[in-house]
Amino acid sequence: MTTSRSFWLVLALPVVVSAALGALIFGGEAVSDSDVEADIQQALAEQTAASVFELRNLQEVQYGYGICGSYRPLDGSSGYASFFYDTVNHRVVRDASSRAFTSHCDLSAICRDTR
């Protein structure tokens, strides 16, 4: 009887608690990352006439505080344009020559490809 109790307290309980804590931490990150694309589309829709966009080449910069990428409105126009999205202020910068874009996304070759 004492051997089974010590097994649960020494080995099984810490493993179960660690697994639950890991699931909580990484599960929360996965849920918050899935909402980022919707936030970007909403910020783009506030600045343009289109409401639905195709996003590609999304790349986190500044340890996740910003996202660089390319977008294209799904209204039939062709060609992609670059953007920088500030995840803290929920603001999108579409001007590739602006200071905010060049300081965060200028080294990103992915965002410069607008074909």
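The values are calculated or read from the model by the stated rules, or taken from the named source; none is laboratory data. Keep in mind that this is a model prediction, so the values were computed, not measured. No Cβ is skipped: glycine too gets one built from the backbone with ideal geometry, and neighbour counts run over all protein chains shown. In case anyone asks, the SASA skips ligands and DNA or RNA and just uses the protein heavy atoms, side chains included. Shrake-Rupley method; radii C 1.70, N 1.55, O 1.52, S 1.80 Å.
For segment 80-96, residues that are open to solvent by 30 Å² or more (accessible area, probe 1.4 Å) and farther than 17 Å from Ala38 by Cβ total 5. Residue pairs whose Cβ atoms lie under 9 Å apart, separated by 6 or more positions or on different chains, with the first residue in segment 1-29 and assigned to a helix (DSSP H, G or I) and the second at pLDDT 75 or above and not charged (D, E, K, R), do not occur. Give the residues of segment 35-57 that are surrounded by fewer than 17 Cβ atoms within 10 Å (Cβ to Cβ) and not in a helix (DSSP H, G or I), sorted by residue number. Across segment 35-57, the qualifying residues are Asp35, Thr48, Ala49, Ala50, Ser51, Val52, Glu54, Arg56.
Residues considered: Ser77, Ser4, Ser32, Ser70. Of these, the only one that is at pLDDT below 80, out of contact with any Asp or Glu (no Cβ under 6 Å at 6 or more places or on another chain) and surrounded by 11 or more Cβ atoms within 10 Å (Cβ to Cβ) is Ser32.
Flag: Arg99 matches the condition of being at pLDDT 85 or above and surrounded by fewer than 11 Cβ atoms within 10 Å (Cβ to Cβ).
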